[in-house]
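Novice: Got a structure for you, questions after.
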Amino acid sequence: MKRIYFDNNATTRLHPDVLEEMLPYLRDNYGNASSIHWLGQEARRAMDLAREHVAGFIAASPDEIVFTSGGTEADNQAILGIANLLGKPGSRIITTAVEHQAVLNSSRQLEKNGFRVTYLSVDSQCRIDLQALADSIDDDVILISVMLANNEVGAIQPVREAAQIARSRGILFHTDAVQAAGKIPLDVRCLGVDLLSMSAHKFHGPKGCGALFVRSGVHGPVLIHGGHQERNGRAGTENVAAIVGFGQACRFAGLGLEENSRLTESLRDRMEKGIVERVSRVKINGRKAHRLPNTLNVSFEGVDNQMLAMNLDLMGIAVSTGSACQSETREPSYVLSAMGCTVDQASSCIRFSLGSDNTAEEVDIVLEALTELVEGLRH
């Protein structure tokens, strides 16, 4: 049975060349980057080079990069760290109703501590209204956080324009770019953001490593306290091997970004066209929005998405019903609900997220499987 992986928004395959770059730091070059001796300095040099690669990937400076354990920690550091620095009970945060749980649950934690949070609604294409953002700002707002690209439907938010609104009011702006990195170009100067989160495993790097960009001049938010690592930005002995892998993943992604985006977009469009032509009563969620090139979210009317995903799995096809972080719950997608989808539409969605390893042949196999399965599962 041929196995097909269409769940690249959950995680990606570790690039073989990234693994090769990491191996020396798992075997022989095992020094602590904070040690002053030769083995520690070897680790430090490798980490400094990786920091340059990560910074170059988003048009930042190396001293603006703080390594973390992943996107969740980076989001938490941005939200909770800024709140600790600048806020007090009664201060406000503005975010959106369709953020990743790392942002939403950080915001809810702040609400428990007396902060006020405004969750901006989105339209049927999962996009915020910039005028609504501007109208929601008052003197109590200390941070605005709007994700760059949604992990479930792929919709790309008007982050550059939103960041301009924030800057005009003297408010810090954070964007969760975890799902966007490696799929679309990232330039923090062009976007005009103050903080930006990334995670290596979303674009063929290792799990357990991410980064928070903190614009020069912004007093760095701190979440984890202890030693003086990351220039006092994040305590704890650095995961040198993973950081090296992250740097290499950024380097490879930057070199192949345009070609890989074209490939995944052509496969995504082939998949979308095939579903619309072969399967009745479907809804493409976020179809008219500016989307990530690899992401396709489809509601199959009258079909339980968990059953469809499991049946596809039995055929060797890996897809998801939404965010991997939400896979433990049977609740309908809160993203689709925020977009105005019915409970049935939100409970019948499948996310297909393709990668550069996928092929047109695999798309056609999945289309055949869907044609066979959907009608049989409809109630």
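Novice: Quote the relative contact order of the chain in percent (integer), defining contacts as alpha-carbon pairs under 8 Å separated by 6+ residues.
Specialist: Relative contact order comes out at 23 percent.
Novice: Nearest 500 deg cm²/dmol is fine: what mean residue ellipticity at 222 nm does the chain get from its DSSP H runs of n ≥ 4 alone, each adding -39,500 (n - 2.57), divided by its residue count?
Specialist: Result for the chain, helices only: -13000 deg cm²/dmol.
Novice: For the charge dipole of the chain, defined by +1 on Lys and Arg C-beta atoms and -1 on Asp and Glu C-beta atoms about the Cα centroid, which residue among Phe203, Cys126, Ile4 has the Cα displaced farthest towards the positive pole?
Specialist: Final value for the positive-end residue is Cys126.
Novice: Now, a different point. How high is the relative contact order of the stretch 47-109? Use alpha-carbon pairs under 8 Å, at least six apart in sequence, and give a whole percent.
Specialist: Taking the mean separation of contacting Cα pairs over the length of the stretch 47-109, I get 29 percent.
Novice: Among Val298, Gly322, Ile94, which residue has its Cα furthest toward the positive end of the charge dipole of the chain, with +1 on Lys/Arg Cβ and -1 on Asp/Glu Cβ?
Specialist: Of the listed residues, the answer is Ile94.
Novice: Hey, another quick one. Using mean Cβ contacts within 10 Å as the protection proxy, how do 124-137, 282-295 order, highest first? Let's see the in-between values first.
Specialist: On the way: 124-137: 16.2, 282-295: 20.4.
Top of the packing list down: 282-295, 124-137.
Novice: Ok, one more. Give me the distance between the Cα centres of the stretch 77-96 and the stretch 158-207, rounded to whole Å.
Specialist: So the two Cα centres are separated by 18 Å.
Novice: Could you state the number of Å between the C-alpha centres of the stretch 347-379 and the stretch 272-326?
Specialist: First find each Cα centre; the distance between them is then 7 Å.
Novice: Can you give me the Kirkwood hydrodynamic radius for the chain, using every pair of distinct Cα atoms, in Å to one decimal? Don't skip to the end; give the middle numbers.
Specialist: Details: mean 1/r = 0.0467 Å⁻¹.
Computed over the chain, the radius equals 21.4 Å.
Novice: While we're looking at this one, here's another question. For the stretch 174-226, just say rounded, prolate or oblate: build the C-alpha gyration tensor, square-root its eigenvalues into a ≥ b ≥ c, call rounded for a/c under 1.5, and beyond that prolate if a/b exceeds b/c, oblate if not.
Specialist: Note, shape of the stretch 174-226 comes out oblate.
Novice: Right, next: Within the chain, which whole H helices from DSSP have a Cα span along their axis of at least 30 Å and a mean Kyte-Doolittle hydropathy of -1.0 or more, if any?
Specialist: 240-278
Novice: Also, quick follow-up: First select every other residue whose beta carbon is under 12 angstrom from the beta carbon of Ser34; then total the charges, Lys and Arg +1, Asp and Glu -1.
Specialist: Every neighbour counted, the sum reads 0.
Novice: Counting Lys and Arg as +1 and Asp and Glu as -1, each charge on the Cβ, what is the dipole of the stretch 16-252 about the Cα centre in debye, to the nearest 20? Spell out each step's value before the answer.
Specialist: Details: 21 positive and 26 negative charges, 46 e Å.
I would put it at about 220 debye.
Novice: Over the alpha carbons of the stretch 15-149, what is the largest minus smallest coordinate on each principal axis, giving the biggest first in Å?
Specialist: In descending order, the Cα extents are 55, 34, 24 Å.
Novice: Only Cα pairs under 8 Å and at least 6 apart count here; give the relative contact order of the stretch 125-201 as a rounded whole percent.
Specialist: Relative contact order for the stretch 125-201 comes out at 30 percent.
Novice: List the GluC sites (Glu not before Pro) within the stretch 328-379 that DSSP assigns to loop and that have no more than 14 neighbouring Cβ atoms inside 10 Å.
Specialist: Passing both the DSSP loop test and the Cβ count: Glu328.
Novice: I would also like to ask the following. Based on the Kirkwood radius over alpha-carbon pairs, what is the Stokes-Einstein translational diffusion coefficient of the stretch 234-379 at 4 °C with 1.567 mPa s viscosity, in µm²/s?
Specialist: My calculation gives 77 µm²/s for D.
Novice: If you restrict to DSSP beta bridges whose two residues both lie in the stretch 16-252, what percentage is antiparallel, to the nearest 5?
Specialist: Approximately 40 percent, going by the DSSP bridge assignments.
Novice: Quick one: net charge around Arg378, please, counting Lys, Arg +1 and Asp, Glu -1 for every other residue with C-beta under 9 Å from its C-beta.
Specialist: Net of charged neighbours comes to -1.
Novice: Per-residue counts of other Cβ atoms within 10 Å, averaged by peptide: what ranking do you get for 261-272, 199-210, highest first?
Specialist: 199-210, 261-272
Any read-out appearing in this document is the output of simple, stated calculations on the displayed coordinates, not a laboratory observation. Computed from a predicted structure; not experimentally measured. Backbone-built Cβ (ideal geometry, glycine too); neighbour counts: all protein chains shown.
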